[in-house]
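These notes are about the structure you will find just below.
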Amino acid sequence: MIDAFVPSANETAQDGVPRCRPGCAACCIAPSISSPIPGMPGGKPAGVPCVQLDDALRCKLFGRPERPAVCGSLQPSLEMCGPADDGGTHARRYLMRLERATQPAV
């Protein structure tokens, strides 16, 4: 079960959706990506940081055409992101659980 939380006004955009949080990068670390990424032509396994993260854990491809479509399709949500003050721990756990739940049977 994922605990709900109520974000403060500075943690969300006007539509109530969480903002991407500096230093989190959960969506660039936790999920596997099967499509090619510049510098990772075979995609990336779950739990491995994308090579396109900079030292501040921000995507170097954000807003550029080289950014994989799958990356842009994963949007912040209250359920996924969790509290802003946990450094992305909630988001990484949430995404890893989702990753395990959607792995193909071997």
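We did not get these values from a lab; they are worked out from the coordinates using the rules stated. In this text the structure is predicted, and so the values were computed from the model without any measurement. Note that each Cβ is placed from the backbone with ideal geometry, even for glycine, and that neighbours are counted across all protein chains shown.
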Dimensions (Å) - the range 16-90, Cα atoms, principal axes, largest first: 33, 21, 21
Tally Lys and Arg at +1 and Asp and Glu at -1 over the other residues with C-beta under 14 Å from the C-beta of Pro49: what net charge comes out? +2
Apply the Karplus curve 6.51 cos²θ - 1.76 cosθ + 1.60, θ = phi - 60°, to the phi angles in the range 75-85 and return the couplings in whole Hz, x for Gly and Pro. 9, x, 8, 4, 4, 6, 6, x, x, 6, 9
What does the charge count near Pro31 come to, summing +1 for each Lys or Arg and -1 for each Asp or Glu among other residues with Cβ under 9 Å from its Cβ? 0
